[in-house]
Amino acid sequence: MDEADGPNDAIPTLDAGCAPPLIRGPAALAHLAYAGADRARLFAAIERGTPDLPQAAAYALDAAALHALQFQSEAARALQRQALAATTLYRLADSWRTRSAAPLGLLALMAPGDLMANTPLDFITMHLDVRLDLLFVVPGRPLPAVVPAHDVAFFAAADADPAVLQHLARLHARWPRPVLNDPARVLRLGREALAIALRRCPPVLCPPLRRVAGAAAPAAAAELGYPVLVRPVGAHAGADLARADDAAALAAHAATLDGTEVFVSRFIDYRGADGRYRKYRIAFIAGVPHLCHMAVSAHWMVHYLNAGMAEDAAKRAEEAAAMASFATGFAHRHAAALAAIAEWAGLDYFQIDCAELPDGRLLLFEADVAGIVHMMDPPDLFPYKPPQMRRVMAEFAAMLRAAAGQQALRPAA
């Protein structure tokens, strides 16, 4: 054991006979919810027939995911704590698709937290010949003595405390199977690090940013120049994100922050010639960019679910064209920017949200490992989506297979 390691860094024994309790998992439950299942049907989907401790823990973890999907964060956290107190090891049920007799074994090392705390691997693996096991690494607790034998370990923690990521980085360096996504590099994806690292990359514009107490937001905005965006540190998916076009607007908003720590960044107008905003979600798999969606909106804060894509055939036609031409279009135009981002991140798998600026630069909003890559959109409305997402998921599977073949069993250091 290295001098920097502690008792919680002991590597478990790998055992093909280890069979963790089965969970439905967030992806299966999100698919049900997206298809219109009500609360009663969702909870019926996670019922267990036996009351033993492992099944009770699995139920609690699935219930935590359901509460998180319904934005009931306090209940979700309490249920997750209850589940992890019983066991930190779970297996995704195979009930949503038939797997082969010998699927690729993937172990995800996870951090406790909400649905954005880890890479949502089950949204991808549910469509692949992959058996996914989840190992939650809980601060202050040793790992289990035994974990399932697996072909590849994926270090999935995204939005974790730096100390947790450093702990995971030590495990990553010593894990006895091939590994993906070095947690030490996930630390580089923070908004502050992003803004600093890429500010000298001419093809990429990452808006300047300050991390300050809420009361200091007006001073930071004056330094950066208006308009600005203000968001609480740790917020995701546009939660509590506000735009202030002048000092008066920001002063009114700052009064509501009540000491909250926030990011203040310069707002960059990225409207196209038609006055609409377009946001691209791109997944990098083994360094190669793949378009996962493009949302078109009249509002500057673009999210796929609020952009009206399902209601507008012209928007869907534009997204279909963007997917069909991505390699020769967007990816070609921004080849230097995308290559610089991939090299800077140095991760096997991550995503960015970005836009094109009229001057030809790539406007980078965010880079992380927690973006959802999925096939939930109804194919009758989005017939171009399944072929594109199957290609993306096939590339993910190829990355797993390549990793599995990189090396034989590694001795734990």
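Every number here is computed from the coordinates shown, using simple stated rules; none is lab data. Only a predicted model underlies this, so the values are computations on that prediction, with no experimental measurement involved. Counting neighbours? That spans all protein chains shown, and the Cβs are built from the backbone with ideal geometry, glycine included.
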Using only the alpha carbons of segment 208-266, what is the convex hull's orientation-averaged projected area in square nanometres? 3.3
In segment 57-135, the chymotrypsin sites (Phe, Trp or Tyr not before Pro) that sit in a DSSP loop and have at most 12 other Cβ atoms within 10 Å of their own Cβ are PHE71
Roughly how far apart, in whole Å, are the Cα centres of segment 9-24 and segment 140-182? 13
How far is helix 25-34 tilted, in degrees, relative to the longest principal axis of the Cα atoms in the chain, given as a value from 0 to 90 rounded to the nearest 10? 50
Using the per-residue mean of other Cβ atoms lying within 10 Å as a proxy for protection, in what order, highest first, do the peptides 31-39, 344-352, 396-404, 356-364 fall? 344-352, 396-404, 356-364, 31-39
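Quick check for me: using +1 on Lys/Arg Cβ and -1 on Asp/Glu Cβ, what's the dipole size of the chain about its Cα centre, in debye to the nearest 20? Walk me through the intermediate numbers first.
On the way: 38 positive and 42 negative charges, 105 e Å.
For the chain, the charge dipole is close to 500 debye.
Which percentage, to the nearest 5, of the DSSP beta bridges contained in the chain is antiparallel?
Values: 38 of 58 bridges.
The answer is about 65 percent antiparallel.
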State the dimensionless ratio Rg/Rh of segment 7-181 (Rg: radius of gyration of Cα atoms; Rh: Kirkwood radius). 0.94
On C-alpha positions alone, give me the angle between the axis of helix 335-345 and the longest principal axis of the chain, in degrees, nearest 10. 50
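If you take the square roots of the eigenvalues of the alpha-carbon gyration tensor of segment 277-368 and sort them as a ≥ b ≥ c, do you get rounded (a/c under 1.5), prolate (a/b over b/c) or oblate?
It is prolate, given that a/c is not under 1.5 and a/b is the larger ratio.
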With +1 on the Cβ of every Lys and Arg and -1 on the Cβ of every Asp and Glu, and nothing else charged, how large is the dipole of segment 277-368 about its Cα centre, in debye rounded to the nearest 20? 180
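For the chain, count the residues as N, evaluate 2.2 N^0.38 Å, and divide the Cα radius of gyration by that value, please.
On the way: Rg = 21.7 Å, N = 413, 2.2 N^0.38 = 21.7 Å.
Here the answer is 1.00, to two decimals.
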The relative contact order of the chain, taking Cα pairs under 8 Å that sit 6 or more residues apart, comes to a percentage of 16
Return the single residue from THR88, THR119, THR260 with maximal mean-square fluctuation; model: Gaussian network over the chain, springs between Cα atoms under 10 Å. THR260
Calculated [θ] (222 nm, deg cm²/dmol) that DSSP helices of n ≥ 4 give over the chain, each run adding -39,500 (n - 2.57): -10000 deg cm²/dmol
